[in-house]
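The values are calculated or read from the model by the stated rules, or taken from the named source; none is laboratory data. Owing to the predicted nature of the structure, the values given are computational and were not obtained by experimental measurement. A quick note on method: Cβ atoms are made from the backbone with ideal geometry, for glycine too, and the neighbour counts reach across all protein chains shown. For accessibility, only protein heavy atoms count, side chains too; no ligands or nucleic acids. Shrake-Rupley method; radii C 1.70, N 1.55, O 1.52, S 1.80 Å.
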Amino acid sequence: MSFRIFSKPLRNRSRSRLPPLSSIFLRSFSHTFSQFTRPTFGIAFDIDGVLLRGDAPIGGSLQALRKLYDDSGALRVPYIFLTNGGGVRESKRASDLSEVLGVNISPLQVVQGHSPFKHLVNRYENKLVIAVGKGEPAAVMSEYGFRNVLSIDEYTSFFDNIDPLAPYKKSTTINGANHEKTVSNLAEKKKVCSERVDAAFIVSDSVDWSRDIQVLCDILRTGGLPGREFGHQPNLYFAHDDLEYQAAFPCERFGMGAFRIALESIYNKIHPHALQYTCYGKPNPLVFRNAEAVLKLVSSVHQNKMDANTETNHFKTLYMIGDNPSVDINGAIQAGSPWFSILTRTGVFKGRENHDKHPADLVVNTVEEAVTTF
(Lines give C-alpha, C1' and ligand atoms only; values in the text may rest on other atoms or scores of the structure.)
Protein backbone atom coordinates (compact mmCIF):
# COMPACT_ATOMS: atom_id res chain seq x y z
CA MET A 1 0.00 0.00 0.00
CA SER A 2 1.30 3.45 -0.87
CA PHE A 3 2.26 5.71 2.00
CA ARG A 4 1.22 9.33 2.10
CA ILE A 5 2.01 11.91 4.71
CA PHE A 6 -1.61 13.01 4.88
CA SER A 7 -4.51 10.93 6.14
CA LYS A 8 -8.23 11.00 5.50
CA PRO A 9 -10.39 12.80 8.07
CA LEU A 10 -12.38 10.54 10.37
CA ARG A 11 -15.51 12.59 9.79
CA ASN A 12 -16.63 15.81 8.18
CA ARG A 13 -16.24 18.93 10.22
CA SER A 14 -19.44 20.03 11.87
CA ARG A 15 -20.91 23.09 10.23
CA SER A 16 -22.67 24.14 13.43
CA ARG A 17 -19.57 25.68 14.93
CA LEU A 18 -19.30 28.24 12.10
CA PRO A 19 -20.58 31.78 12.61
CA PRO A 20 -23.75 32.60 10.65
CA LEU A 21 -22.99 34.24 7.32
CA SER A 22 -25.42 37.08 7.78
CA SER A 23 -25.13 40.70 6.77
CA ILE A 24 -24.78 41.64 10.44
CA PHE A 25 -21.74 39.38 10.78
CA LEU A 26 -20.20 40.74 7.59
CA ARG A 27 -20.71 44.37 8.62
CA SER A 28 -19.26 43.65 12.04
CA PHE A 29 -16.24 41.94 10.53
CA SER A 30 -15.69 44.80 8.07
CA HIS A 31 -15.72 47.23 11.00
CA THR A 32 -13.07 45.16 12.79
CA PHE A 33 -10.97 45.13 9.63
CA SER A 34 -10.99 48.91 9.31
CA GLN A 35 -10.55 49.85 12.97
CA PHE A 36 -7.65 47.66 14.11
CA THR A 37 -4.11 48.11 12.84
CA ARG A 38 -3.29 44.62 14.11
CA PRO A 39 -6.03 42.47 12.60
CA THR A 40 -6.96 39.23 14.29
CA PHE A 41 -7.10 37.40 10.98
CA GLY A 42 -4.79 36.37 8.16
CA ILE A 43 -5.33 35.23 4.59
CA ALA A 44 -3.88 32.41 2.50
CA PHE A 45 -4.45 32.82 -1.23
CA ASP A 46 -4.23 30.05 -3.77
CA ILE A 47 -2.75 31.40 -7.01
CA ASP A 48 -3.83 29.52 -10.13
CA GLY A 49 -7.56 29.91 -10.70
CA VAL A 50 -7.93 32.50 -7.92
CA LEU A 51 -5.50 35.33 -8.63
CA LEU A 52 -4.12 34.30 -12.02
CA ARG A 53 -5.02 32.26 -15.05
CA GLY A 54 -1.72 31.54 -16.69
CA ASP A 55 0.09 34.85 -16.27
CA ALA A 56 -3.02 37.03 -16.46
CA PRO A 57 -4.72 38.46 -13.34
CA ILE A 58 -8.34 37.38 -12.88
CA GLY A 59 -11.26 38.04 -10.56
CA GLY A 60 -10.22 41.57 -9.66
CA SER A 61 -7.07 40.22 -7.99
CA LEU A 62 -5.15 43.49 -8.38
CA GLN A 63 -7.85 45.44 -6.57
CA ALA A 64 -8.26 42.70 -3.97
CA LEU A 65 -4.60 42.76 -2.94
CA ARG A 66 -4.42 46.55 -2.82
CA LYS A 67 -7.16 46.52 -0.19
CA LEU A 68 -4.72 44.78 2.15
CA TYR A 69 -2.36 47.79 2.21
CA ASP A 70 -2.82 51.28 3.62
CA ASP A 71 -2.34 54.51 1.67
CA SER A 72 1.39 54.55 2.41
CA GLY A 73 1.84 51.05 1.01
CA ALA A 74 2.29 49.38 4.39
CA LEU A 75 0.73 45.96 4.85
CA ARG A 76 -2.45 46.12 6.94
CA VAL A 77 -3.46 42.46 6.78
CA PRO A 78 -0.96 39.58 6.87
CA TYR A 79 -1.34 37.30 3.89
CA ILE A 80 0.57 34.58 2.08
CA PHE A 81 0.32 32.66 -1.16
CA LEU A 82 -0.32 29.00 -0.38
CA THR A 83 0.06 27.13 -3.65
CA ASN A 84 0.77 23.57 -4.70
CA GLY A 85 2.55 24.98 -7.73
CA GLY A 86 6.26 25.53 -7.95
CA GLY A 87 9.37 24.74 -9.94
CA VAL A 88 11.15 28.00 -9.13
CA ARG A 89 12.73 29.41 -6.01
CA GLU A 90 10.44 31.28 -3.64
CA SER A 91 12.46 34.45 -4.20
CA LYS A 92 11.86 34.31 -7.95
CA ARG A 93 8.17 33.48 -7.53
CA ALA A 94 7.80 36.47 -5.20
CA SER A 95 9.48 38.72 -7.76
CA ASP A 96 7.28 37.44 -10.59
CA LEU A 97 4.10 37.83 -8.54
CA SER A 98 5.10 41.34 -7.50
CA GLU A 99 5.43 42.36 -11.13
CA VAL A 100 2.17 40.78 -12.28
CA LEU A 101 0.02 41.74 -9.28
CA GLY A 102 1.43 45.22 -8.71
CA VAL A 103 2.30 44.90 -5.02
CA ASN A 104 5.53 44.29 -3.16
CA ILE A 105 5.67 40.59 -2.19
CA SER A 106 8.46 39.08 -0.13
CA PRO A 107 9.75 35.49 -0.50
CA LEU A 108 8.50 34.85 3.04
CA GLN A 109 4.94 35.23 1.73
CA VAL A 110 5.34 32.46 -0.86
CA VAL A 111 4.70 28.89 0.32
CA GLN A 112 4.91 26.43 -2.56
CA GLY A 113 4.21 22.72 -2.76
CA HIS A 114 7.88 21.86 -2.53
CA SER A 115 8.71 24.31 0.29
CA PRO A 116 8.54 21.47 2.90
CA PHE A 117 11.41 19.71 1.11
CA LYS A 118 13.80 22.09 2.87
CA HIS A 119 13.07 20.23 6.12
CA LEU A 120 14.63 17.07 4.63
CA VAL A 121 18.05 18.61 4.02
CA ASN A 122 19.66 17.05 7.08
CA ARG A 123 18.66 13.61 5.85
CA TYR A 124 19.95 13.98 2.28
CA GLU A 125 22.36 16.94 2.37
CA ASN A 126 25.33 15.15 0.79
CA LYS A 127 23.57 12.19 -0.81
CA LEU A 128 22.71 11.99 -4.49
CA VAL A 129 19.12 13.02 -5.09
CA ILE A 130 17.20 13.56 -8.32
CA ALA A 131 14.88 16.54 -8.86
CA VAL A 132 12.05 16.22 -11.39
CA GLY A 133 9.85 18.89 -12.93
CA LYS A 134 9.45 22.04 -14.97
CA GLY A 135 11.37 25.21 -14.20
CA GLU A 136 14.50 24.90 -12.09
CA PRO A 137 14.00 21.85 -9.86
CA ALA A 138 17.69 21.33 -9.12
CA ALA A 139 18.25 25.02 -8.40
CA VAL A 140 15.32 24.96 -5.97
CA MET A 141 16.77 21.99 -4.10
CA SER A 142 20.26 23.50 -4.10
CA GLU A 143 18.93 26.69 -2.54
CA TYR A 144 17.30 24.60 0.18
CA GLY A 145 20.73 23.15 1.02
CA PHE A 146 20.94 19.88 -0.94
CA ARG A 147 24.59 19.63 -2.02
CA ASN A 148 24.45 16.67 -4.41
CA VAL A 149 21.35 17.16 -6.55
CA LEU A 150 20.82 16.65 -10.28
CA SER A 151 17.78 17.45 -12.34
CA ILE A 152 16.37 14.46 -14.18
CA ASP A 153 17.47 16.17 -17.41
CA GLU A 154 21.07 16.15 -16.20
CA TYR A 155 20.90 12.68 -14.69
CA THR A 156 19.43 11.13 -17.84
CA SER A 157 22.17 12.68 -19.98
CA PHE A 158 24.81 10.54 -18.23
CA PHE A 159 23.21 7.25 -19.36
CA ASP A 160 23.46 6.10 -22.96
CA ASN A 161 20.14 4.99 -24.45
CA ILE A 162 18.19 5.23 -21.18
CA ASP A 163 15.46 7.14 -23.02
CA PRO A 164 14.60 5.10 -26.13
CA LEU A 165 12.55 7.97 -27.55
CA ALA A 166 15.28 10.60 -27.26
CA PRO A 167 16.22 10.45 -30.98
CA TYR A 168 12.64 11.41 -31.87
CA LYS A 169 12.52 14.48 -29.67
CA LYS A 170 13.33 17.88 -31.09
CA SER A 171 15.64 18.96 -28.31
CA THR A 172 16.91 18.02 -24.89
CA THR A 173 17.29 20.86 -22.41
CA ILE A 174 19.72 20.56 -19.52
CA ASN A 175 18.77 22.95 -16.74
CA GLY A 176 19.48 23.30 -13.04
CA ALA A 177 22.01 24.29 -10.44
CA ASN A 178 24.66 21.84 -11.69
CA HIS A 179 24.66 22.78 -15.37
CA GLU A 180 28.40 23.39 -15.19
CA LYS A 181 28.91 19.60 -14.77
CA THR A 182 29.39 18.82 -18.43
CA VAL A 183 28.29 15.38 -19.67
CA SER A 184 31.42 15.12 -21.80
CA ASN A 185 33.48 14.61 -18.68
CA LEU A 186 33.95 10.85 -18.70
CA ALA A 187 35.13 10.69 -15.10
CA GLU A 188 32.02 12.54 -13.97
CA LYS A 189 29.85 10.28 -16.10
CA LYS A 190 31.36 7.17 -14.56
CA LYS A 191 30.91 8.58 -11.06
CA VAL A 192 27.25 9.45 -11.55
CA CYS A 193 26.40 6.12 -13.21
CA SER A 194 27.92 4.19 -10.31
CA GLU A 195 26.58 6.34 -7.46
CA ARG A 196 23.39 5.22 -5.78
CA VAL A 197 20.42 7.60 -5.87
CA ASP A 198 19.10 7.98 -2.34
CA ALA A 199 15.87 9.80 -3.14
CA ALA A 200 13.82 11.27 -5.96
CA PHE A 201 11.87 14.51 -5.50
CA ILE A 202 9.02 15.46 -7.82
CA VAL A 203 9.42 19.19 -7.38
CA SER A 204 6.98 20.35 -10.06
CA ASP A 205 5.01 19.01 -13.01
CA SER A 206 6.94 16.65 -15.24
CA VAL A 207 7.66 18.03 -18.70
CA ASP A 208 8.43 14.66 -20.35
CA TRP A 209 6.16 12.02 -18.83
CA SER A 210 7.40 9.08 -20.92
CA ARG A 211 11.07 9.68 -20.15
CA ASP A 212 10.57 10.62 -16.52
CA ILE A 213 8.40 7.57 -15.78
CA GLN A 214 10.94 5.33 -17.53
CA VAL A 215 13.94 6.75 -15.67
CA LEU A 216 12.18 6.91 -12.30
CA CYS A 217 11.16 3.27 -12.64
CA ASP A 218 14.81 2.44 -13.47
CA ILE A 219 15.94 4.28 -10.33
CA LEU A 220 13.24 3.04 -7.99
CA ARG A 221 13.23 -0.67 -8.83
CA THR A 222 17.04 -1.07 -8.80
CA GLY A 223 17.77 0.53 -5.46
CA GLY A 224 18.99 3.72 -7.12
CA LEU A 225 21.32 2.15 -9.68
CA PRO A 226 19.66 2.08 -13.13
CA GLY A 227 20.52 -0.95 -15.23
CA ARG A 228 21.26 -3.15 -12.22
CA GLU A 229 19.26 -5.90 -10.53
CA PHE A 230 16.21 -5.21 -8.35
CA GLY A 231 17.00 -3.45 -5.09
CA HIS A 232 15.37 -1.66 -2.15
CA GLN A 233 13.33 1.28 -3.40
CA PRO A 234 14.83 4.72 -2.72
CA ASN A 235 12.50 7.24 -1.10
CA LEU A 236 10.15 9.14 -3.38
CA TYR A 237 8.61 12.51 -2.52
CA PHE A 238 5.88 14.46 -4.33
CA ALA A 239 5.45 18.20 -3.75
CA HIS A 240 1.67 17.67 -3.97
CA ASP A 241 -0.96 15.32 -5.35
CA ASP A 242 -3.26 17.57 -7.39
CA LEU A 243 -5.09 15.59 -10.04
CA GLU A 244 -5.96 18.73 -12.01
CA TYR A 245 -5.60 22.48 -11.88
CA GLN A 246 -6.77 25.57 -13.72
CA ALA A 247 -4.30 26.98 -16.25
CA ALA A 248 -4.76 29.31 -19.22
CA PHE A 249 -6.74 26.70 -21.21
CA PRO A 250 -10.51 26.79 -20.49
CA CYS A 251 -10.62 23.20 -19.21
CA GLU A 252 -8.58 21.93 -16.27
CA ARG A 253 -5.14 20.42 -16.95
CA PHE A 254 -3.69 17.24 -15.44
CA GLY A 255 -1.38 17.91 -12.50
CA MET A 256 1.20 16.08 -10.45
CA GLY A 257 -1.42 13.74 -9.03
CA ALA A 258 -2.12 12.43 -12.52
CA PHE A 259 1.61 11.89 -13.07
CA ARG A 260 1.77 10.05 -9.74
CA ILE A 261 -1.11 7.76 -10.79
CA ALA A 262 0.63 6.94 -14.07
CA LEU A 263 3.99 6.27 -12.40
CA GLU A 264 2.44 4.17 -9.64
CA SER A 265 0.34 2.11 -12.05
CA ILE A 266 3.31 1.25 -14.26
CA TYR A 267 5.69 0.61 -11.36
CA ASN A 268 3.24 -1.75 -9.67
CA LYS A 269 2.93 -3.72 -12.92
CA ILE A 270 6.67 -4.31 -13.24
CA HIS A 271 7.70 -4.68 -9.59
CA PRO A 272 6.60 -7.25 -6.99
CA HIS A 273 6.19 -4.60 -4.28
CA ALA A 274 3.89 -1.59 -4.46
CA LEU A 275 5.39 1.85 -4.92
CA GLN A 276 6.03 3.72 -1.67
CA TYR A 277 5.91 7.51 -1.63
CA THR A 278 5.23 10.60 0.46
CA CYS A 279 2.97 13.46 -0.71
CA TYR A 280 3.11 17.00 0.61
CA GLY A 281 1.01 19.99 -0.44
CA LYS A 282 -2.63 20.83 0.14
CA PRO A 283 -4.92 19.31 1.46
CA ASN A 284 -2.38 17.97 3.98
CA PRO A 285 -3.31 19.52 7.37
CA LEU A 286 0.41 19.89 8.15
CA VAL A 287 0.63 22.39 5.30
CA PHE A 288 -2.07 24.52 6.91
CA ARG A 289 -0.37 24.40 10.31
CA ASN A 290 2.84 25.54 8.66
CA ALA A 291 0.89 28.27 6.84
CA GLU A 292 -0.39 29.56 10.18
CA ALA A 293 3.18 29.74 11.48
CA VAL A 294 4.29 31.62 8.37
CA LEU A 295 1.38 34.06 8.68
CA LYS A 296 2.39 34.76 12.27
CA LEU A 297 5.92 35.44 11.09
CA VAL A 298 4.67 37.76 8.33
CA SER A 299 2.58 39.61 10.90
CA SER A 300 5.52 39.80 13.27
CA VAL A 301 7.87 41.20 10.63
CA HIS A 302 5.44 43.93 9.66
CA GLN A 303 4.85 44.81 13.32
CA ASN A 304 8.63 44.98 13.90
CA LYS A 305 8.41 42.31 16.58
CA MET A 306 10.99 39.63 17.23
CA ASP A 307 8.72 36.86 18.44
CA ALA A 308 6.10 35.59 16.00
CA ASN A 309 4.39 33.57 18.71
CA THR A 310 3.36 36.45 20.94
CA GLU A 311 -0.27 36.90 21.87
CA THR A 312 -0.56 39.89 19.55
CA ASN A 313 -0.05 37.48 16.66
CA HIS A 314 -2.85 35.15 17.68
CA PHE A 315 -5.33 34.78 14.84
CA LYS A 316 -9.00 34.31 15.58
CA THR A 317 -9.64 33.46 11.93
CA LEU A 318 -7.50 32.34 9.00
CA TYR A 319 -9.05 32.53 5.55
CA MET A 320 -8.19 30.04 2.84
CA ILE A 321 -9.30 31.46 -0.51
CA GLY A 322 -9.15 28.82 -3.22
CA ASP A 323 -10.80 27.49 -6.36
CA ASN A 324 -10.33 23.74 -5.87
CA PRO A 325 -12.77 22.09 -3.42
CA SER A 326 -10.80 18.83 -3.09
CA VAL A 327 -7.55 20.67 -2.35
CA ASP A 328 -8.07 24.16 -0.93
CA ILE A 329 -11.43 23.66 0.79
CA ASN A 330 -10.83 20.08 1.87
CA GLY A 331 -7.51 21.13 3.38
CA ALA A 332 -9.06 23.95 5.38
CA ILE A 333 -11.82 21.62 6.60
CA GLN A 334 -9.28 19.03 7.74
CA ALA A 335 -7.14 21.68 9.43
CA GLY A 336 -10.13 22.90 11.44
CA SER A 337 -10.23 26.01 13.61
CA PRO A 338 -9.25 28.79 13.04
CA TRP A 339 -9.43 28.10 9.29
CA PHE A 340 -12.42 29.46 7.35
CA SER A 341 -12.72 28.39 3.71
CA ILE A 342 -13.80 30.62 0.82
CA LEU A 343 -14.40 29.07 -2.61
CA THR A 344 -14.22 31.14 -5.80
CA ARG A 345 -15.84 30.32 -9.13
CA THR A 346 -12.91 31.49 -11.26
CA GLY A 347 -10.96 28.22 -11.48
CA VAL A 348 -11.59 24.51 -11.03
CA PHE A 349 -14.93 25.14 -9.32
CA LYS A 350 -17.64 26.74 -11.45
CA GLY A 351 -20.82 25.47 -9.76
CA ARG A 352 -23.79 27.63 -8.92
CA GLU A 353 -24.24 26.05 -5.49
CA ASN A 354 -21.69 24.97 -2.89
CA HIS A 355 -19.59 21.88 -3.54
CA ASP A 356 -21.42 18.78 -2.30
CA LYS A 357 -18.44 16.73 -1.06
CA HIS A 358 -16.22 19.53 0.26
CA PRO A 359 -18.56 22.45 1.03
CA ALA A 360 -16.86 25.77 1.71
CA ASP A 361 -17.84 28.10 4.50
CA LEU A 362 -18.52 30.74 1.85
CA VAL A 363 -18.80 30.68 -1.95
CA VAL A 364 -18.08 33.82 -3.98
CA ASN A 365 -17.66 34.67 -7.63
CA THR A 366 -14.20 36.26 -7.43
CA VAL A 367 -11.31 36.89 -5.08
CA GLU A 368 -12.18 40.59 -5.08
CA GLU A 369 -15.64 39.71 -3.76
CA ALA A 370 -14.02 37.55 -1.08
CA VAL A 371 -11.76 40.36 0.15
CA THR A 372 -14.56 42.91 -0.04
CA THR A 373 -16.53 40.65 2.29
CA PHE A 374 -13.98 41.32 5.00
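Residues in the range 87-100 that are crowded, with 19+ Cβ neighbours inside 10 Å and either of a type in the set (F, W, Y) or within 16 Å of G60 (Cα to Cα) (or both): L97 only.
In summary, E264 fulfils each of the numbered conditions (1) open to solvent by 20 Å² or more (accessible area, probe 1.4 Å); (2) touching a residue at least 24 places away in the same chain (Cβ under 8 Å); (3) within 15 Å of D205 (Cβ to Cβ) with the single exception of condition (3). The residues of the range 350-365 that are open to solvent by 20 Å² or more (accessible area, probe 1.4 Å), part of a loop (DSSP other than H, G, I, E, B) and free of Cβ contacts under 8 Å to residues at least 40 places away in the same chain, listed by number, are K350, G351, R352, E353, N354, H355, D356, K357, H358. Taking the criterion of being charged (D, E, K, R) and buried (at least 21 other Cβ atoms within 10 Å of the Cβ), the residues of the range 123-171 that qualify are E136, D153, E154.
Among the residues of the range 263-280, write down those that are assigned to a helix (DSSP H, G or I) and under 15 Å from V132 (Cα atoms). Steps first, please.
Within the range 263-280, the subset assigned to a helix (DSSP H, G or I) is 263-270.
L263, the sole residue that qualifies.
In the range 122-160, the qualifying residues are those that are among the charged types (D, E, K, R) and part of a helix (DSSP H, G or I), and the one that is farthest from the chain's Cα centre (by Cα) is E154. The residues of the range 317-346 that are assigned to a strand (DSSP E or B), in contact (Cβ under 8 Å) with a residue 60 or more places away in the chain and in contact with a Pro (Cβ under 8 Å, 6 or more places away or on another chain), listed by number, are T317, L318. The number of residues in the range 200-256 being surrounded by fewer than 21 Cβ atoms within 10 Å (Cβ to Cβ), closer than 26 Å to S115 by Cα and of a type in the set (A, V, I, L, M) comes to 5. Against the conditions (1) in a loop (DSSP other than H, G, I, E, B); (2) at pLDDT 95 or above; (3) open to solvent by 30 Å² or more (accessible area, probe 1.4 Å), N309 satisfies every one except (2). Against the numbered list (1) within 18 Å of the chain's Cα centre (by Cα); (2) open to solvent by less than 30 Å² (accessible area, probe 1.4 Å); (3) farther than 20 Å from V197 by Cα, V103 comes up short only at (1).
Within the bounds of the range 106-122, is there any residue that is open to solvent by 30 Å² or more (accessible area, probe 1.4 Å) and closer than 18 Å to L216 by Cβ? No, that holds for no residue. Any idea how many residues of the range 275-296 are in contact with a strand residue (DSSP E or B) (Cβ under 6 Å, 6 or more places away or on another chain), among the β-branched types (V, I, T) and surrounded by 19 or more Cβ atoms within 10 Å (Cβ to Cβ)? Of the residues in that region, 1 qualify.
Before we move on, is F259 farther than 30 Å from S337 by Cα and either in contact with an Asp or Glu (Cβ under 8 Å, 6 or more places away or on another chain) or open to solvent by less than 10 Å² (accessible area, probe 1.4 Å) (or both)? It would help to see each step written out before you state the result.
Values: farther than 30 Å from S337 by Cα: yes; either in contact with an Asp or Glu (Cβ under 8 Å, 6 or more places away or on another chain) or open to solvent by less than 10 Å² (accessible area, probe 1.4 Å) (or both): yes.
So F259 passes the test.
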